[in-house]
Amino acid sequence: MTRRPLTFVASMLIIAVGGLSAGCGNSPKPAAIAGRKVAALTTPGLPSALLGLNVHPEDMSHQVQAVPLTYLQASSLYSLRRGDVVQATLQISRFEPKAPFDQDKFRRAFLVQLSGTPPLEYRLGGQTVYQTAALRQRLAVWFKGQQVFVLSTRDEFDHPRDLIRAALALGQ
């Protein structure tokens, strides 16, 4: 997975959130904002490595600005690399306060937008995690209050569940 697929992953996640304005017709329109207004999310205390993978912030400003409407207030994307090879990405986003981020219907629509299929739901370390698959990658998604975490790992990655556990510990 090189730079091109990483960009695809970032685009897919931003567009998926942007697509919620159409996917959640009952959601209040004032909650959606223009993509150009989405700020970079600062993530204090993010480690430089996670499960032995180097964590690198990625610029996704072009992808965000191309989205007409989204429910995100702020978002950041990190690549998790072994050497120069991207093994996973972690997107951490904060929803707009007026978005119905705590409603199950909104969350389900968000999850289906990511891969087009309903996710599997399970508990890991006391946290509900939703898992689904996309093209040659696994997606794990969890919600913490106003934030959503999307961890995408390569199908070939050896320890996806360990990486999910390590990522779940962030922000606790």
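What follows is calculated from the coordinates using simple rules that are stated; it is not laboratory data. Everything quoted here is computed from the prediction, not taken from an experiment. Every residue, glycine as well, gets a Cβ built from its backbone with ideal geometry; the counts of neighbours run over all protein chains shown.
Highest-first packing order for the peptide set 94-105, 123-134 is 94-105, 123-134, based on the mean count of other beta carbon atoms within 10 Å. The mean of 1/r over all distinct Cα pairs in the stretch 59-172, once inverted, gives the Kirkwood hydrodynamic radius of 14.8 Å. Straight-line cross-link reach from Lys105 at under 18 Å between alpha-carbon atoms covers these aspartates and glutamates, not counting any fewer than eight positions away in the same chain: Glu96, Glu121.
Can you tell me the dipole magnitude for the stretch 35-129 around its Cα centre, using point charges on the Cβ only (Lys, Arg +1; Asp, Glu -1), in Debye to the nearest 20?
Numbers: 10 positive and 7 negative charges, 35 e Å.
With Lys and Arg at +1 and Asp and Glu at -1, about 180 debye.
What separates the Cα centres of the stretch 51-75 and the stretch 95-148 is a distance of 17 Å. On the beta carbon distance between Asp59 and Asp104, with R0 = 35 Å, the FRET formula returns roughly 0.60.
Peptides 139-146, 69-76: what's the order by average Cβ count within 10 Å, highest mean first?
69-76, 139-146
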